[in-house]
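Engineer: This structure is in structure tokens; I'll ask about it shortly.
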Amino acid sequence: MIVMKFGGSSVESAEAIQRVTEIVKSRLDRRPIVVVSAMGKTTNRLLTIADLAVGGQRDEALRELVSLRDFHLRESGMERTVDEHFQELAELVKGLAVLGELTPRSIDAISSFGERLSSLIVTNYFQHHGINAVHVDSRKVIVTDHRHTQAIPLLEQTYAKLVAAIPPLAKQQVVVMGGFIASTENGVTTTLGRGGSDFTASLVGAGVGAEEIQIWTDVDGMLTADPAIIPNAHRVKVISFIEAAELAYFGAKVLHPATVMPAIDGNIPVLILNSRRPQVEGTRIQSATVLSKNVIKSIACKGQVLVLNIRSTRMFMAHGFMRRIFEVFDRNQTSVDMVATSEVSVSLTIDQPERVEAIVAELREFAEVSVDENQAIICIVGENIRHTPGVGARVFNALGGINVRMVSQGASALNLGFVVAGGDLNAAVQALHGEFFADLDPAVFDA
Ligand code: ASP
């Protein structure tokens, strides 16, 4: 068995679903289990509708809902199914408009419709185009806790349900499931967090002991750098799990980091593939280390980052200082990406600006704080970094006159991260790409 996950853009229209059908047909001998995202931008649109409804714009919300229904109808032709789901959605939206309040539980109720529908639509399409397909409602087999919108799967129960339900069906049929959606033990709908369909694929793969998990998307795989900055970035053919996870945290949007966990545990390779160019071999992510002649595998970066410089007002790091700092971020549910410390100060980066004012106000109760806006994180990643002397020298040499404002070498020693001003981001990535990828190891990169 293999798991094949298709992201939103891979199922965004009838035409895209046709491509998916051909791809799945060409792999029937491997007994695929198909996991799909919501069609195109459906999840975003559902969340907007929910916001409109509670924000006093009920009619606008309902208009948007009609347009989303028309889209699903046009691309699927499944009048009854689509109507049934949108009637239920309309009831929900009207309820929200009355309540004027959006709870995480109702966000999940609404956002689940994207995958509930797309999985039925893809199943139906398969059935009408020569694939013996069967739909399984993910909410019946993926069990989570109650943390709505970010629910954590209960692995033991989930795996038990998956093993009981899926392999018997997959013997004769292509199982189709929605990603992202799940339910609590009591059957209340939950979701696994934005981008969570990869996580579903990984859970299903680990649960049934699949030989491979394929993540079909709209790029050729992981690249040596963001193609928006390096148009001729090279495809990375093979990379280790820990490298891929490191890259995912720092901006490479190809993979949801949590995807990696169940797959690592099950020692199942994950392939990133392009549904528009299925002939490209993609990127293989595996648990074994992949050493290459190139020291690094890729350069990840993330713009629009804020740097907070926090200085103890007591002129030395009183004990408990760090704890107090991180408690502030915890209370404000803001995650910190990179941290650097000196004797009297701590610099850290965040990429969620929503709570920054509250955070700064709380920090100022015991520290001096300054905020640098429009900064960028660059992170080079490769297991060889820890085995190779002189990487830092090469980095700083390549960066030449560019001012580096913060440096952090991960404890794992497989990444080296630093912060530059937003305006220096492109030049810095170009310089590093030239330095580390001038000469490519053909076993690891596609030249
Ligand atoms: N549809 C969900 C989202 O947009 C989950 C996914 O596509 O992975 O976040």
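The values are calculated or read from the model by the stated rules, or taken from the named source; none is laboratory data. Fair warning: this is a prediction, and the values are worked out from it, not measured in the lab. Using ideal geometry, Cβ is built from the backbone for each residue, glycine included, and neighbour counts are taken over all protein chains shown. Surface areas here come from the heavy atoms of the whole protein model, side chains and all, with no ligands, DNA or RNA. Shrake-Rupley method; radii C 1.70, N 1.55, O 1.52, S 1.80 Å.
Engineer: Relative contact order, percent, of segment 295-447 when contacts are C-alpha pairs under 8 Å separated by at least 6 residues?
Structural biologist: This gives 30 percent for segment 295-447.
Engineer: I need the shape label for segment 4-156. Rule: rounded when a/c is under 1.5, else prolate if a/b > b/c, else oblate, with a, b, c from the alpha carbon gyration tensor.
Structural biologist: Cα axes put segment 4-156 in the oblate bin.
Engineer: Considering only protein heavy atoms and a probe of 1.4 Å, how much of the accessible area of segment 216-302 is carbon and sulfur, as a whole percent? Intermediate results must be reported in sequence, preceding the final value.
Structural biologist: Values: 1830 of 3320 Å².
Using a 1.4 Å probe with all protein chains present, segment 216-302 comes out at 55 percent carbon and sulfur.
Engineer: Just want to confirm a number: the relative contact order over segment 101-243, from Cα pairs under 8 angstrom separated by 6+ residues, in percent.
Structural biologist: Taking the mean separation of contacting Cα pairs over the length of segment 101-243, I get 22 percent.
Engineer: What percent does the relative contact order of the chain come to when contacts are Cα pairs within less than 8 Å and at least six residues apart?
Structural biologist: Details: 926 pairs, mean separation 61.4, N = 447.
Relative contact order of the chain: 14 percent.
Engineer: Using the heavy atoms of the protein chains alone and a 1.4 angstrom probe, what is the accessible area of the chain per residue in square angstrom?
Structural biologist: Using a 1.4 Å probe on heavy atoms only, each residue of the chain averages 43 Å².
Engineer: First obtain the Kirkwood hydrodynamic radius of segment 323-447 from its Cα pairs, then insert it into the Stokes-Einstein equation at 25 °C and 0.890 mPa s, and state the resulting D in µm² per second as a whole number.
Structural biologist: Result for D is 149 µm²/s.
Engineer: At 1.4 Å probe size, with the rest of the protein present, what percent of the exposed accessible area of segment 12-63 is carbon and sulfur atoms? Intermediate results must be reported in sequence, preceding the final value.
Structural biologist: Values: 1070 of 2350 Å².
For segment 12-63, the apolar C and S fraction of the accessible surface comes to 46 percent.
Engineer: Let me ask you something else. Grab the alpha carbons of segment 150-206, take their convex hull, and tell me the volume per residue in Å³.
Structural biologist: Hull volume over Cα atoms, normalised by residue count, gives 81 Å³.
Engineer: Using the Kirkwood radius over C-alpha pairs as Rh, can you work out the diffusion coefficient of segment 304-357 via Stokes-Einstein at 10 °C, viscosity 1.306 mPa s, in µm² per second?
Structural biologist: Estimated diffusion coefficient is 137 µm²/s.
Engineer: OK, next. Rounded to the nearest 10 degrees, what's the angle between the helix 155-170 long axis and the longest principal axis of the chain, both from Cα atoms, 0 to 90?
Structural biologist: It works out to around 50 degrees.
Engineer: From the Cα gyration tensor of segment 121-179, with a ≥ b ≥ c the square roots of its eigenvalues, which class applies: rounded if a/c is under 1.5, or else prolate if a/b is larger than b/c, or else oblate?
Structural biologist: Judged from the Cα gyration tensor, segment 121-179 comes out oblate (a/c at least 1.5, b/c at or above a/b).
Engineer: Return the distance in nm (one decimal) between the two label points of a simple spin-label model at Arg277 and Leu73, each offset 7 Å from Cα along Cα→Cβ.
Structural biologist: 3.8 nm
Engineer: Percent of Cα-Cα pairs more than 17 Å apart in segment 181-281, please.
Structural biologist: 55 percent
Engineer: For Ala288 paired with Ala413, estimate the spin-label separation in nm (one decimal), with each label point 7 Å from Cα along the Cα-to-Cβ line.
Structural biologist: So the two model labels end up 2.3 nm from each other.
Engineer: Once the convex hull of the C-alpha atoms of the chain is built, how many Å³ does it hold per residue, rounded to a whole number?
Structural biologist: Expressed per residue, the convex hull around the Cα atoms of the chain is 157 Å³.
Engineer: With both bridge residues required to lie in the chain, what share of the DSSP beta bridges run antiparallel, to the nearest 5%?
Structural biologist: Within the chain, antiparallel bridges account for around 60 percent of the total.
Engineer: Provide the per-residue ³J(HN,Hα) series for segment 112-124, in order, calculated from phi with Karplus coefficients 6.51, -1.76, 1.60 and θ = phi - 60°, each as a whole number of Hz, with x at glycine and proline positions.
Structural biologist: 3J(HN,Hα) across segment 112-124, in whole Hz: 5, 5, x, 7, 4, 6, 4, 5, 5, 5, 5, 4, 4.
Engineer: Which of these, Pro227, Pro278, Pro153, has the largest mean-square fluctuation under a Gaussian network model of the chain (Cα springs below 10 Å)?
Structural biologist: Pro227
Engineer: Let me ask something additional. May I ask you to compute the full-extension gain from Arg27 to Lys161, defined as 0.36 nm times their residue separation minus their alpha-carbon distance, rounded to one decimal in nm? Before the final figure, lay out the partial values.
Structural biologist: Values: separation 134, 0.36 × 134 = 48.24 nm, distance 2.51 nm.
Result for the pair: 45.7 nm of gain on full extension.
Engineer: Another question about this same structure. What shape does segment 265-403 have by the C-alpha gyration tensor, where a ≥ b ≥ c are the square roots of the eigenvalues, rounded means a/c under 1.5, and otherwise prolate means a/b greater than b/c and oblate the rest?
Structural biologist: Prolate is the answer for segment 265-403, as a/c is 1.5 or above and a/b outweighs b/c.
Engineer: A follow-up question, please. Just to check I understand the Karplus step: with θ = phi - 60° and J = 6.51 cos²θ - 1.76 cosθ + 1.60, what whole-Hz values come out for segment 102-111, glycine and proline as x?
Structural biologist: Couplings: 10, 9, x, 5, 6, 4, 5, 4, 6, 5 Hz.
Engineer: Tabulate in residue order the Karplus-calculated ³J(HN,Hα) for segment 131-146, using 6.51 cos²θ - 1.76 cosθ + 1.60 with θ = phi - 60°, rounded to whole Hz; enter x for Gly and Pro.
Structural biologist: Once θ is set to phi - 60°, the couplings for segment 131-146 become 10, 7, 10, 9, 8, 10, 6, 4, 5, 8, 10, 9, 9, 10, 6, 9 Hz.
Engineer: May I pose another question? Using modelled backbone amide H atoms (1.01 Å from N, in-plane), which distant-in-sequence or interchain residues come within less than 5 Å of Ile299's amide H?
Structural biologist: Answer set, sorted by chain and number: Ala225.
Engineer: What angle, in degrees between 0 and 90 and rounded to the nearest 10, separates the Cα long axis of helix 197-208 from the longest principal axis of the Cα atoms of the chain?
Structural biologist: The angle comes out at about 70 degrees.
Engineer: Moving to a separate point now. Quick one: grab Rg to one decimal and Dmax as a whole number for segment 80-213, Cα atoms only, in Å.
Structural biologist: Using the Cα atoms of segment 80-213, the pair Rg, Dmax is 15.4, 49 Å.
Engineer: For the chain: lysine pairs with Cα atoms under 25 Å, gap of 8 or more or different chains, count?
Structural biologist: Lysine pairs satisfying the spacing and distance rule in the chain number 23.
Engineer: For the chain, set up a GNM with springs between Cα atoms under 10 Å and report which of Thr149, Thr48, Thr313 has the largest fluctuation.
Structural biologist: Per the Cα network of the chain with a 10 Å cutoff, Thr313 tops the list.
Engineer: Pop out the carbon and sulfur fraction of the accessible area of segment 367-406 as a percent, whole number, probe 1.4 Å.
Structural biologist: On the way: 810 of 1870 Å².
Heavy-atom surface of segment 367-406 belonging to carbon and sulfur, 1.4 Å probe: 43 percent.
Engineer: If you build the Cα gyration tensor of segment 1-89 and take the root of 5 times each eigenvalue, what three semi-axes come out, in whole angstrom, biggest first?
Structural biologist: 31, 13, 10
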